[in-house]
Structure formats: C-alpha cells, structure tokens
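Read the structure below first, then the notes.
The values are calculated or read from the model by the stated rules, or taken from the named source; none is laboratory data. Computed from a predicted structure; not experimentally measured. Every residue, glycine among them, receives a Cβ derived from its backbone with ideal geometry; neighbour counts consider all protein chains shown. Just so you know, the surface numbers come from the protein's heavy atoms only, side chains and all, with ligands and any DNA or RNA stripped out. Shrake-Rupley method; radii C 1.70, N 1.55, O 1.52, S 1.80 Å.
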Amino acid sequence: MLRVLFVGDVYGQPGRRVLAAHLPTLRGPDGLKKFDFTIVNMENAAGGFGLHRDAAESALRAGADCMTLGNHAWHHRDIHALMADAESYPIVRPLNYADPATPGVGWRTFDVPTRVGGKPGPTERLTVINVLGRVFMDAVSNPFRAIDEVLELPNLGSIFVDIHAEATSEKAALAWYLDGRVAAVIGTHTHVPTADTRILPGGTAFQTDAGFTGPHDSIIGAAPEGPIQRFLTERSYRYAVAEGRAELNGVALELQDNRALSVERYRYLEADHREDDYGHSQ
C-alpha cells in the first residue's frame, strides 16, 4: 500500500514558507513516515506565477518527491534548465501540449519504498500525470486522449492524475472517464478546496480541487486590493502576493493496485504570522 500526500497549488513566498515549515511534520521522521510519497503542485510558487529554482529547491528540502505544474509552467526562464535536469528536479509539466519539442515530461513513474509498522516494506510503483483542462483555459490538446495514450504503456503501477483546470464539470468528467483505470484524479487551479472528496465506483479517488497553499487573508493568493480594483474599474491592475498567515491544503490517499483504499482532505492554518520574521520576498 502506498500512502500519498498531494499538496495543492503553492502560492508565492507565504506558500513556500508554510510548506517548508509544515510538510516535514506531515511526512514524519524516516522510521515513522506518515506518507511514502508527496506530490506538490508548484504552479504559483514564484510570486504567484510559475516555478523558479529557489522555489523548487525549497520544496525538495521540505520533502516533496514530485512537483506538478499548470498553465503558468513557462513563466520563468529557470524552468527550462530545471526540466533538463530531470534527475535533480522531479517535475511533471502538463502532458497535453501537441508540440513534441515541448520541454520536460507530462508523466513520470517512480519506484517508491514503503514502510509497514515503521519497518521497510515493499517497493511500490507510482505514476504521476499532469494535464491542463481546456474549458476557460489556454488552447491545448485534448487531456482525455492524451491520458489514454499513456495508459496504454505497461508497468505504470498506481496512477495519480493532477488535472489543472477551471471547470468543475471538466474535472469531474475526466475522473468518471478514468474511473477504474487510475487510482486518483485530483483537481488544482481554482485554489478553493471542494467538499466532494470520494472514491468513485471503479475505485478512483476524486476531488474537484485540492485547494491552495498560500496566504489565508487573500483573494485566491493575491492581496485583495488588486482583484477588487480590477472588478471595480474593469481595467488591468497589478496583483501582489498577500502577506500574513498562510494555510496548507491537500489530499491524503492510500493506494494499492491502482485503486484508492481511502481519500481525505487535509488543511492546516497558521495561528499567526509576523512578516518581520520572514521579510516580504515573493
């Protein structure tokens, strides 16, 4: 059995801070690991847009085993070098780009050592797939068909899908389409955790959105002034990463033989935070 933790979109410096502080306590010391494998969506980790080297290395130090992305994957130049160094940076970018020259990979298979009763257990295989939705999103290839092609490959083990998408209906449709063929379909991108956590009839765990990991007193990560002014004036307005206390949202799963045995939401909220302790870096 694989115990997997998925952490929703890490947003800016507050998200990186709470991930670095809290993820090690969730994973536990080596002999008492609470999770065998941790997947972290780093789509908004660098100032709210994309991923850069500092953010990636911070997540790896905290205990991330795999990093997924989304529609801001290409926002920082760093990402090309990170994707080229696949051994050091286990990044899975969205699968469904039609151009075969797109940097990086849209899925990865990992051989994961497990622990049983605090002692080393069998090695389990886990495949992580990341796709972009198309409803109200950028023009990309069909995520349903893209995953079909991957599922034709042998020896994938238990399969986890991060669908980075706007529309609830598209996320749910993909989960039902893949029910019984993958172990889990968990959504990201909208930054608000949903209350539909469940295991579908074929054994696939599903949640429309895992929520985000970032500033709690914000509008999906941004300081409220920017989004409010945009709605008031109907013009573009600079968004800044909000400051203050942060929250971490995620989904905890137990997987076996490409089926979910259990799935539950996880949320942690910092009690307090003083910016002077950490500075204002995004």
Right, Asp65: open to solvent by 10 Å² or more (accessible area, probe 1.4 Å) and touching a strand residue (DSSP E or B) at 6+ places or on another chain (Cβ under 6 Å) or not? yes
Ile129 is checked against (1) farther than 21 Å from Arg259 by Cα; (2) not acidic (Asp, Glu); (3) not in a loop (DSSP other than H, G, I, E, B) and fails just one. What number does that condition carry? (1)
Complete set of residues in segment 126-163 that are among the charged types (D, E, K, R) and modelled with pLDDT of 95 or more: Arg134, Arg145, Asp148, Glu149, Glu152, Asp162
Could you please tell me which pairs satisfy a Cβ distance under 8 Å, a separation of 6+ or placement on different chains, a first residue in segment 193-212 that is closer than 16 Å to Leu5 by Cα and free of Cβ contacts under 8 Å to residues at least 24 places away in the same chain, and a second residue that is open to solvent by less than 40 Å² (accessible area, probe 1.4 Å) and aliphatic (A, V, I, L, M)? none
Give segment 200-241 a look and list any residue that's more than 20 Å from His164 (Cβ to Cβ), part of a loop (DSSP other than H, G, I, E, B) and aromatic (Phe, Trp, Tyr), or say none. Tyr237
Based on what the data block shows, is Asp111 of a type in the set (Asp, Glu) and under 28 Å from Ala81 (Cα atoms)? yes
Looking at segment 94-116, I want the residues that are closer than 15 Å to Leu132 by Cβ and open to solvent by less than 60 Å² (accessible area, probe 1.4 Å) and have a partner that is at pLDDT below 95 and in a loop (DSSP other than H, G, I, E, B) with Cβ atoms under 7 Å, at least 6 apart or on another chain. Which pairs are those? Pro94/Ala73
Can you find a residue that is free of Cβ contacts under 8 Å to residues at least 40 places away in the same chain, β-branched (Val, Ile, Thr) and surrounded by fewer than 17 Cβ atoms within 10 Å (Cβ to Cβ) anywhere in segment 164-179? no
Selection from segment 221-264 of residues that are charged (D, E, K, R), under 21 Å from Thr38 (Cα atoms) and surrounded by fewer than 17 Cβ atoms within 10 Å (Cβ to Cβ): Asp257, Glu264
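Table: residues versus (1) within 21 Å of Val40 (Cβ to Cβ); (2) touching a His at 6+ places or on another chain (Cβ under 6 Å).
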residue: Ser141; (1), (2): no, no
residue: Phe144; (1), (2): no, no
residue: Ile163; (1), (2): yes, no
residue: Thr168; (1), (2): no, no
residue: Ala175; (1), (2): yes, no
residue: Val182; (1), (2): yes, no
residue: His189; (1), (2): yes, yes
residue: Thr197; (1), (2): yes, no
residue: Phe206; (1), (2): yes, no
Within segment 194-220, work out how many residues are closer than 16 Å to Gly250 by Cβ and surrounded by 21 or more Cβ atoms within 10 Å (Cβ to Cβ). 10
Check off (1) touching a residue at least 40 places away in the same chain (Cβ under 8 Å); (2) within 27 Å of Thr123 (Cα to Cα) for Thr38 and give me the number that stays unchecked. (1)
